[in-house]
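Beneath this line is the structure, given in structure tokens, with notes to follow.
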Amino acid sequence: MSRFLDERGRVFGKINIIDILVVLVIAVVIVFVLMRFSGSSLVSDTSPVKVTFVIPKQHQSEVDFIKAKWQPDITLYDESGVTLGKVVDVEITADYTEFLNSKDELEAFESPIYSNVKVSMLGQGRLAGGVAHINGISVTGSTSGFTFFVVGEGVKRQAFVVGLEWADEATK
């Protein structure tokens, strides 16, 4: 055939061209994985991030426990034990339930049983390709409704993110 590629598909008579392609594909995959999951130059530096999340539909005893235990500067973790950040503020908000009224219309009523716990937490995070990495959690696109487990001072609950503030906005 030629000096470069012989009749058996080997480059310079030593290595098969298919083997070279396989090695190149593996190398590209390794580079992609390293860039995606490590602190590469395509990732912004770590900066302060304030995450606001809600733990919905908590009974009053759970609300009282969280309010008493989750004081400012208490550290919160994800379910695998990775530090997420420190509590800035805990706010109790009403939970609403819809019922049919006498006119067969849905009407929202404040729940006499449940409340929502809204928590603001300050941690460290970085942005990479439109994904916000806040220590143990990653949020993509819209923050509204992203769920994760939060653990802190005797409580493990599923929560959902309702807001993110970065850098100077986070430390105000």
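Observations on the model:
- Taking a Cβ cut-off of under 13 Å around PHE99, the surrounding Lys, Arg, Asp and Glu residues balance to a net charge of -4, with basic ones at +1 and acidic ones at -1.
- Karplus (6.51, -1.76, 1.60) ³J(HN,Hα), θ = phi - 60°, over the stretch 18-30, in Hz, Gly and Pro reported as x: 5, 4, 5, 4, 4, 5, 5, 4, 4, 5, 5, 5, 4
- Close Lys pairs in the stretch 47-170, defined as Cα atoms under 30 Å apart and 8 or more places apart or on different chains, number 20.
- Sorted on the mean count of surrounding Cβ atoms within 10 Å across their residues, most packed first, peptides 23-31, 51-59, 73-81 read 51-59, 73-81, 23-31.
- Once the C-beta distance of ILE30 and GLN124 is scaled by a Förster radius of 25 Å, the resulting FRET efficiency is 0.35 to the nearest 0.05.
- Using only alpha-carbon positions in the stretch 60-172, the gyration tensor eigenvalues give semi-axes of 29, 19, 12 Å once each is multiplied by 5 and square-rooted (largest first).
- Amide proton proximity set for GLY163, modelled H, under 5 Å, gap of 5+: THR52
- Partners of LYS14 within straight-line reach, counting aspartates and glutamates whose Cα lies under 14 Å from its Cα and excluding those fewer than 8 residues away in the same chain: ASP6.
- Theoretical FRET efficiency, 1/(1+(r/R0)^6), r = Cβ-Cβ of ASP64 and THR147, R0 35 Å, to 0.05: 0.90
- From phi via Karplus (6.51, -1.76, 1.60), per-residue ³J(HN,Hα) for the stretch 81-96 in Hz, x at Gly/Pro: x, 6, 5, 8, x, 10, 5, 9, 7, 10, 10, 9, 10, 5, 9, 10
- Rounded to the nearest 20, the Cβ-based charge dipole of the stretch 47-170 about its Cα centre (Lys and Arg +1, Asp and Glu -1) stands at 440 debye.
Computed from the coordinates by the stated procedures, all read-outs in this text should not be read as laboratory data. The model shown is predicted, which means the values in this text are computed figures rather than measured ones. Glycine also receives a Cβ, built like all others from the backbone with ideal geometry; neighbour counts cover every protein chain displayed.
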